[in-house]
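**Q** This is the structure, below, for whatever I ask next.
The values are calculated or read from the model by the stated rules, or taken from the named source; none is laboratory data. The shown structure was predicted, so the numbers you read here are calculated from the model rather than taken from an experiment. Positions of Cβ are generated from backbone atoms using ideal geometry, with glycine treated the same way; all protein chains shown enter the neighbour counts. Please note that ligands, DNA and RNA were not included when accessible areas were found on the heavy atoms of the full protein model with its side chains. Shrake-Rupley method; radii C 1.70, N 1.55, O 1.52, S 1.80 Å.
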Amino acid sequence: MPEGSYRFQVGSIYCTVLADGYCSYPSPWLFPGASRVHLAQALAERRLPLETVLSPFTCLLIETGRSVVLVDTGAGESSGATGAVVARLEMEGIRPRHVDTVILTHAHPDHIGGAVDARGRPAFPNARYILDERELDFWTNPRADLSGLRIPQEVAQSIADAARRCLADLRLQLEPITGGIEACPGVTALPAPGHTPGHLAVLISSDGQGLLNMGDAAMHPLHLERPEWENGFDLAAETACATRRSLLGRAVAEKMRVMAFHFPFPSVGRVAARPGGGWDWTPGW
Ligand SMILES: [Zn+2]
């Protein structure tokens with residue numbers, strides 16, 4: 001297995017997590033509501049730096065035997081530290097033209113940036129690109145309301161500009177959905193709003209096993225332990241926290257593994273309810 005890829009099976013479905021790269025964010029962007037003291041304590045306990053969070057980007061390749069599905073595309077070559085997904089797919093024997101379905105959990109640039117190549121053409125020429133209709137409507141509106149974000153305004157604006165540009169480049173291959181869809185047998189996109197209006201989670205299930213890819217419904221394992229700690233990138237923080245709780249509750253009840261795009265590689269793991277509230281994260285398949 002090449003470094004930056006990790007392959008496992010969900011029943012008879014093959015899944016491979018693919019590292020695209022990473023970005024580092026000021027800690028208050030990820031935890032704007034947490035008290036400085038509690039946040040400093042939580043980060044120190046994990047031997048993590050106080051001021052910045054190093055946030056990996058991890059996509060998911062799903063091979064069902066009939067379909068080749070990619071969940072999220074990474075950031076593309078927007079910085080020197082991202083854009084590895086196509087190379088990692090090739091190392092798995094998958095050419096871009098083999099991907100028949102791309103599911104975009106949402107249209108933030110770290111998820112959609114790799115959906116188009118440097119010349120503005122769809123990077124996966126034969127794929128339908130599934131995303132929620134509300135996501136498309138929101139980001140294609142030049143007056144999208146970004147007031148719920150708790151990150152600097154110029155960052156918010158650059159996210160909106162990048163989303164609008166990518167969605168325009170993808171327009172001929174977009175397949176907007178409402179209310180969730182079974183993209184192919186065993187792979188279902190589910191509404192998981194809050195982070196963005198049309199944010200999707202993806203459920204992979206086969207032979208009694210399940211994996212719930214929660215996208216950005218949690219951006220850091222601390223959002224599981226402290227589900228009330230909001231994420232500054234959430235457009236509607238209260239809805240996002242409710243979605244997070246609902247997805248994690250479902251994963252525990254149905255004994256599913258969980259994946260989260262920004263969690264430390266391999267970004268898959270198990271969750272368990274903590275007696276005092278919140279969830280513990282144990283990485284690995
Ligand atoms: Zn993200």
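**Q** Provide the FRET efficiency to the nearest 0.05 for the residue 92-residue 274 pair, computing r from the beta carbons and using R0 = 51 Å. Can you show the working numbers first?
**A** Numbers: r = 36 Å, r/R0 = 0.70.
Step by step, r from the Cβ atoms, then E = 0.90.
**Q** Right, something else. Calculated FRET efficiency, residue 67 and residue 158, Cβ-Cβ r, R0 35 Å, to nearest 0.05?
**A** Details: r = 34 Å, r/R0 = 0.96.
Efficiency computed from Cβ-Cβ geometry: 0.55.
**Q** Right, next: Show that you can apply the helix-only estimate: for the chain, add -39,500 (n - 2.57) for every DSSP H stretch of four or more residues, divide by all residues, and state [θ] at 222 nm to the nearest 500. Don't jump to the answer; show the numbers that get you there.
**A** On the way: 8 runs with 72 residues, N = 285.
Theoretical 222 nm ellipticity from helices: -7000 deg cm²/dmol.
**Q** Additional query: When Lys and Arg each count +1 and Asp and Glu each count -1, what net charge do the other residues less than 13 Å away from residue 146, Cβ to Cβ, add up to?
**A** Values: positive: 143, 150, 164; negative: 145, 154, 161, 234.
Once all neighbours under 13 Å are counted, the net charge is -1.
**Q** Only residues of region 261-283 count here: report those whose backbone N is under 15 Å from the spot 7 Å along Cα→Cβ of residue 78, or say none.
**A** The answer is 262.
**Q** Also: Against the empirical 2.2 N^0.38 Å scaling, what ratio does the C-alpha Rg of region 142-285 come to?
**A** Here the answer is 1.09, to two decimals.
**Q** Then there's this: Relative contact order for the chain: what percent, with Cα pairs under 8 Å and sequence separation of 6 or more? Write out the running numbers ahead of the final one.
**A** On the way: 642 pairs, mean separation 51.8, N = 285.
About 18 percent, as a whole number.
**Q** P(r) for region 1-109: what percent of alpha-carbon pairs falls in each 10 Å bin, starting at zero?
**A** 13, 37, 26, 18, 5, 0
**Q** Just to be sure I understand: if I project the alpha-carbon convex hull of the chain onto a plane and average over all orientations, what area do I get in nm²? Please report the intermediate quantities before stating the final value.
**A** Numbers: hull surface 55.1 nm².
The Cα convex hull of the chain, projected and averaged over all directions, gives 13.8 nm².
**Q** Report the antiparallel proportion of the DSSP beta bridges in the chain as a percent, rounded to a multiple of 5.
**A** Numbers: 43 of 56 bridges.
In the chain, approximately 75 percent of DSSP beta bridges are antiparallel ones.
**Q** What does the accessible area per residue of the chain come to in Å², with a 1.4 Å probe and no ligands, DNA or RNA counted?
**A** On the way: 12220 Å² over 285 residues.
Spelled out: the 1.4 Å probe surface of the chain, per residue, equals 43 Å².
**Q** Calculate what fraction, in whole %, of the accessible area of the chain sits on carbon and sulfur atoms when a 1.4 Å probe is rolled over the protein chains. All intermediate terms of the calculation are to be shown ahead of the outcome.
**A** On the way: 6200 of 12220 Å².
About 51 percent, which is the carbon plus sulfur part of the accessible surface.
**Q** What's the ranking of 186-199, 33-46, 117-130 by average number of surrounding C-beta atoms within 10 Å, highest first?
**A** Working: 186-199: 23.5, 33-46: 13.2, 117-130: 16.5.
Most protected by this proxy first, the peptides run 186-199, 117-130, 33-46.
**Q** Oh, and also: Efficiency by 1/(1 + (r/R0)^6): what FRET value for residue 254 and residue 7, r their Cβ-Cβ distance, R0 = 22 Å, to the nearest 0.05?
**A** With a Förster radius of 22 Å, E is 0.45.
**Q** Right, here's the next one. Once phi is turned into θ = phi - 60°, what whole-Hz ³J(HN,Hα) does the Karplus curve with 6.51, -1.76 and 1.60 give for every residue of region 132-138, x standing for Gly and Pro?
**A** Listing the rounded values in order: 6, 4, 5, 5, 4, 4, 5 Hz.
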